[in-house]
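The values are calculated or read from the model by the stated rules, or taken from the named source; none is laboratory data. Nothing here was measured: the structure is a model prediction, and the numbers come from that model. Here the Cβ positions follow ideal geometry from the backbone for every residue, glycine too, while neighbour counts run over all protein chains shown. Surface accessibility is based on the protein's heavy atoms, side chains included, excluding ligands, DNA and RNA. Shrake-Rupley method; radii C 1.70, N 1.55, O 1.52, S 1.80 Å.
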Amino acid sequence: MQHADPPVVYGESHIQPRGDYASANPDYTCEQNWQAYTPAEHDRYRRLLARQLQHVHGRACPEFVEALPHIAIDTGIPRFERVNEPLGKATGWQVVAVPGLIPEREFFTLLATRRFPVTRWLRNEDEFDYVVEPDLFHDLFGHVPMLFDPVFAGYMQAFGQGGLKAEGLHALELLSRLYWYTVEFGLVDTAEGLRIYGAGILSSVGEVDHCLTSPEPWRIVFDAQRAMRTRYKIDTYQETYFVIRSFDALFKATNVDFTPLYDTLRDLPSLAAGEHAPGDVQVPVASSA
Ligand code: HBI
Ligand code: FE
């Protein structure tokens with residue numbers, strides 16, 4: 001079935017989504033087509049995985065590290081059904097294949113039903129260090145391990161449910177900022193210091209160190225309203241990082257009806273990616289709970 005929908009705009013860049021949408025189902029899910037991956041693609045996945053495993057130890061949050069054995073299957077690109085077995089047992093989530101970026105409504109609908117869309121194509125060799133759109137490695141390695149944590153898994157489903165509500169309230173942009181500053185680029189404070197849970201950082205190379213040690217970024221205590229006001233850039237390191245105390249705290253802070261918040265936010269000016277605002281509570285780099 002041909003999809004005539006307009007291309008999904010991801011973040012602020014207007015990119016034609018990559019991928020074969022013609023063979024996708026009406027809900028944008030599709031077959032992974034695992035047998036179609038070439039030996040070169042399996043090898044590239046193995047090298048991406050080996051490099052990232054070195055970078056995340058000591059920087060990723062413990063919940064992420066604990067789930068890695070389910071993803072870090074070093075024979076190459078995992079079959080999604082092989083990941084779905086332990087994932088389903090852990091939190092009831094399932095990975096589903098999609099051709100690439102999908103429209104917000106379909107995206108939120110999948111999250112609301114505990115299905116995480118993983119792009120089925122892998123980046124090209126010349127995109128080894130950075131790819132604009134989320135590819136298989138970003139989605140599978142960056143996002144899926146966190147879905148093994150029951151509290152974070154609950155947050156992601158609530159996010160999907162909230163997203164479907166937000167659409168009616170024209171608050172998708174606010175919600176996509178919240179998604180960006182938590183699910184993609186979130187930091188968490190632990191007894192051992194700041195750790196990463198955001199997929200956009202965990203699947204990247206340079207930012208894993210930058211986000212925890214550089215003096216440049218503005219690191220502040222997470223606040224949902226502040227995050228929803230803050231614009232983001234998709235192709236640079238983040239200039240602001242939001243730090244949560246725990247996934248319980250994140251879930252509690254966002255498991256409320258955002259409708260009144262959307263009304264307040266509509267009248268407030270948005271903030272630039274690196275702007276400091278009154279009320280910001282800075283988190284020092286060597287912070288620990
Ligand atoms: N589609 N496949 C896919 N993956 C995403 O992460 C994604 C998407 N569509 C929209 C989207 N993310 C963002 O707009 C979120 O903020 C909703
Ligand atoms: Fe992502």
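Taking each residue of the stretch 269-281 that is of a type in the set (S, T, N, Q) and looking for partners that are part of a loop (DSSP other than H, G, I, E, B) and surrounded by 15 or more Cβ atoms within 10 Å (Cβ to Cβ) with beta-carbon atoms closer than 7 Å, six or more apart or interchain, yields S270/R231. Against the numbered list (1) free of Cβ contacts under 8 Å to residues at least 24 places away in the same chain; (2) touching a strand residue (DSSP E or B) at 6+ places or on another chain (Cβ under 8 Å), V95 comes up short only at (1). Does the stretch 15-27 contain at least one residue that is under 21 Å from the mean Cα position of the chain (by Cα), surrounded by 19 or more Cβ atoms within 10 Å (Cβ to Cβ) and modelled with pLDDT of 95 or more? No, the conditions are met nowhere in the stretch 15-27.
Table: residues versus (1) in contact (Cβ under 8 Å) with a residue 40 or more places away in the chain; (2) more than 21 Å from the chain's Cα centre (by Cα).
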| residue | (1), (2) |
| --- | --- |
| A36 | no, yes |
| H42 | no, yes |
| L48 | yes, no |
| L53 | no, no |
| F64 | yes, no |
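Checking the stretch 166-174 against the condition returns a match, with at least one residue being open to solvent by 20 Å² or more (accessible area, probe 1.4 Å), within 12 Å of ligand 1 (Cβ to nearest atom) and more than 24 Å from R18 (Cβ to Cβ). Close contacts from the stretch 197-210, counting a first residue that is open to solvent by less than 20 Å² (accessible area, probe 1.4 Å) and a second that is assigned to a loop (DSSP other than H, G, I, E, B) and more than 12 Å from ligand 2 (Cβ to nearest atom), with Cβ to Cβ under 6 Å and a gap of 6+ residues or different chains, come to Y197/C61; E207/Y237; V208/R59. Each residue in the stretch 188-204 was checked for being within 16 Å of ligand 2 (Cβ to nearest atom) and not small (G, A, S), and 4 of them qualify.
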